[in-house]
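Report on one structure; see the data block that follows.
The values are calculated or read from the model by the stated rules, or taken from the named source; none is laboratory data. Since the structure is predicted, the reported quantities are computational estimates derived from the model, not experimental observations. Ideal geometry is used to build each Cβ from the backbone, glycine not excepted, and the neighbour counts take in all protein chains shown.
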Amino acid sequence: MNQDILICLETGENGLHASSLELIGKALELAQPCGGSLYGVVMGGNAERLPEDLRGLPLQRVYIGQTCRTYDAQECAETVVECVRRIDPSVLLISGTCFGRSVAPRIAVACRTGLTADCTELERTPEGGLIQIRPAFGGDIMARIVTDHTRPQMATVRPGVMSSCVRQGDRMPELCALSRKTDGHIHLLDVQPLKLAAGIAAQKVLVAAGRGVKRKEDLVMLEHLAQRMGGALACSRALVEKGLLPHEKQIGLSGATVSPDLLLTCGISGSVQFQAGIRRAKTIIAINSDPEAKIFDLAHIPVCGDLYEIVPKLIERLEKDGESVEEVSL
Amino acid sequence: MKIAVCMKQVPAESRGLMNEETGVIVRAGLKPEVNSYDLSALEAALRIRENVPAEIHVFTMGPPKAEDVIRTAFSMGADAGFLISDPAFSGADVLATSYTLYRAMETAGEYELVLCGRQTTDGDTAQVSGALAQWMNVPHANWVSDIENVTEASVTVAQKTERERVRMLLPLPCLLSVEREGFLPRLPSLRLKMTAGKKTVVSIGIKDLSDRDPAHYGLNGSATRVRKIYPPPRTQRNPLFSGTADACAEMILHEVRG
């Protein structure tokens with residue numbers, strides 16, 4: 001039984017996705033305790049630039065399902081399963097992107113194996129066991145999960161949660177073309193790019209509202225503050241579940257990973273699943289009335305106080321300044 | 001056409017707390033409710049039925065009290081309801097849960113379309129829909145923001161990924177996992193609520209399934225196992241600032257102005 005790791009890679013117009021580099025980086029660490037090689041499998045993509053995108057990555061071989069259509073999870077899953085059959089890896093890592101989360105469960109069922117989605121940490125035992133760590137029961141409890149008897153041990157990891165792999169040297173992984181065995185059944189009609197400028201993942205300044213914000217009307221005040229600060233409003237899962245804000249505004253493990261220069265959280269307790277979405281934030285200011293709030297563990301500037309008293313004062317002062325702090329270009 | 005909708009009962013308050021001394025999850029006072037994302041799946045089915053003749057069958061897997069999910073579904077307009085419940089099913093991970101749903105739905109007939117909500121509020125992972133589609137050997141699409149057209153043979157949908165809006169045609173039978181924003185659920189109707197109590201909920205236990213091997217279900221049928229649960233480790237933090245609201249505001253602004 002080998003200890004190899006297979007990684008599902010994703011590409012786009014700008015080459016290999018950042019999330020793929022993060023998985024490769026993690027896989028390198030996971031290979032330390034028990035050895036094993038790293039392999040990649042990639043679907044679709046630009047055939048001409050793909051080899052260059054792979055240069056310097058610590059992958060033994062990359063399988064390329066050139067003709068696979070990424071919008072057909074059934075077809076893509078079959079390609080990855082073919083790879084699994086050839087390599088028989090101990091571990092299979094997939095990014096928790098829209099694509100990854102569509103394909104991963106199909107692969108897991110096809111292989112009759114275990115899958116833990118949205119892991120916040122991964123560890124490996126000297127015997128090759130993958131410890132899959134993630135928040136459970138809503139987020140204030142951590143779970144260590146194992147896949148005892150089946151292989152590969154599958155895990156998905158959200159983009160932005162792990163750190164990237166640094167390319168080293170010139171070496172090109174072996175490339176191996178995979179043709180799809182059967183045709184998928186989905187017909188593509190058209191694809192349109194979404195306007196992303198307003199998305200919270202692109203923002204440099206964010207004001208995030210949490211459970212401590214009691215009513216929908218209060219969000220107007222926070223939206224105002226965000227604008228005054230030259231940023232946008234976001235929120236934790238609680239407000240999306242309550243229907244106060246749409247899912248696009250959600251920061252966290254099942255929402256967006258954000259990387260603003262400045263994040264101001266208001267009434268957010270800071271569960272593990274929220275924290276997973278803000279690891280890349282440069283400066284975190286947190287306002288919460290509970291001195292024990294977990295967000296204070298992560299905040300550069302922890303402020304214990306009542307947001308309903310502090311926020312109006314912030315707005316008042318910013319308005320008096322007569323300026324918006326740094327008009328941020330998106 | 002026959003449409004299956006999968007719906008789950010979840011704790012209303014999505015934060016479970018752990019008693020650190022006993023290691024037991026405290027769920028006291030957490031009233032169960034229908035997973036809000038699944039209401040959108042039912043809403044999607046109801047809208048389809050407004051345009052093409054269809055029967056909507058709701059499936060829920062859970063303990064006996066999960067029957068409330070079916071009652072809610074009836075009050076919104078579902079035609080039939082199935083409670084998949086058996087001690088043998090409990091403790092299931094994605095693999096065992098999706099397998100149970102697959103075998104249970106098999107007992108009720110063939111469905112042209114299976115609809116699921118995006119994810120659950122207690123699990124969050126959005127994996128069961130794809131897993132179920134694989135067991136059923138049908139194509140599927142997640143992140144469906146719009147169902148444009150349904151014919152006897154196909155369904156046209158729009159899907160929103162990180163960067164794109166993708167329109168595609170899936171042949172029937174297929175499975176769709178729908179987004180809440182595209183399918184805001186209707187309120188239950190009083191008239192339907194009154195008849196809901198009289199409708200029969202069909203119970204499905206392990207003995208009703210074509211595969212009755214308990215090793216394939218529940219904790220035994222799961223490939224993953226929770227080895228340990230613990231409160232998240234607290235890390236060293238920066239000194240906590242507290243003071244008057246004015247002082248706090250001033251301090252924050254100092255940072256904001258940079």
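General observations
- When residues of the range A:99-158 are limited to those that are of a type in the set (Ser, Thr, Tyr), buried (at least 24 other Cβ atoms within 10 Å of the Cβ) and facing chain B (nearest Cβ under 7 Å), the one nearest to A:Ser19 (Cα to Cα): A:Ser102
- Inside the range B:125-153, residues that are on the phi > 0 side of the Ramachandran plot and either assigned to a strand (DSSP E or B) or within 7 Å of chain A (Cβ to nearest Cβ) (or both) make up a count of 2.
- Qualifying positions in the range B:100-119 - surrounded by fewer than 22 Cβ atoms within 10 Å (Cβ to Cβ) and assigned to a helix (DSSP H, G or I): B:Tyr102, B:Arg103, B:Glu106, B:Thr107, B:Ala108
- Residue match in the range A:255-272 (condition: closer than 19 Å to B:Ser36 by Cα, polar (S, T, N, Q), in contact with an Asp or Glu (Cβ under 8 Å, 6 or more places away or on another chain) and touching a residue at least 40 places away in the same chain (Cβ under 8 Å)): no
- Looking across B:Ala126, B:Ala196, one residue alone is without any contact (Cβ under 8 Å) to a residue 60 or more places away in the chain and not β-branched (Val, Ile, Thr). It is B:Ala126.
- Applying the condition of being without any contact (Cβ under 8 Å) to a residue 40 or more places away in the chain and closer than 24 Å to A:Asp148 by Cβ to the range A:68-85 and asking which residue is surrounded by the most Cβ atoms within 10 Å (Cβ to Cβ) yields A:Ala77.
- Any hit, the range A:163-181, residues being facing chain B (nearest Cβ under 9 Å), of a type outside the set (A, V, I, L, M, F, W, C) and under 27 Å from A:Glu78 (Cα atoms): no
- Where B:Gly197 falls short, out of the listed (1) over 24 Å from B:Ser98 (Cα atoms); (2) buried (at least 16 other Cβ atoms within 10 Å of the Cβ); (3) more than 7 Å from every other protein chain (Cβ to nearest Cβ); (4) not charged (D, E, K, R): (2)
- Strands (runs of 3 or more DSSP E) completely within the range A:87-161 that count 2 or more residues being modelled with pLDDT under 95 and farther than 26 Å from B:Val178 by Cα: A:141-147
- Where B:Asp122 falls short, out of the listed (1) crowded, with 22+ Cβ neighbours inside 10 Å; (2) facing chain A (nearest Cβ under 7 Å); (3) not in a helix (DSSP H, G or I): (1)
- Selected residue [under 30 Å from A:Pro105 (Cα atoms) and out of contact with any strand residue (DSSP E or B) (no Cβ under 9 Å at 6 or more places or on another chain)] from B:Ser203, B:Ser189, B:Ser210: B:Ser210
Yes/no matrix, rows are residues, columns are (1) over 22 Å from the mean Cα position of the chain (by Cα); (2) outside any helix (DSSP H, G or I):
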{"site": "B:Ser177", "(1), (2)": "no, yes"}
{"site": "B:Arg180", "(1), (2)": "no, yes"}
{"site": "B:Arg225", "(1), (2)": "no, yes"}
{"site": "B:Ile229", "(1), (2)": "yes, yes"}
{"site": "B:Cys248", "(1), (2)": "yes, no"}
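- In the range B:157-193, residue farthest from the other protein chains (Cβ to nearest Cβ) [restricted to those that are among the charged types (D, E, K, R) and in contact (Cβ under 8 Å) with a residue 60 or more places away in the chain]: B:Lys193
- Residue in the range A:305-318 that is facing another protein chain (nearest Cβ under 7 Å), within 29 Å of the chain's Cα centre (by Cα) and either at pLDDT below 90 or outside any helix (DSSP H, G or I) (or both) present: no
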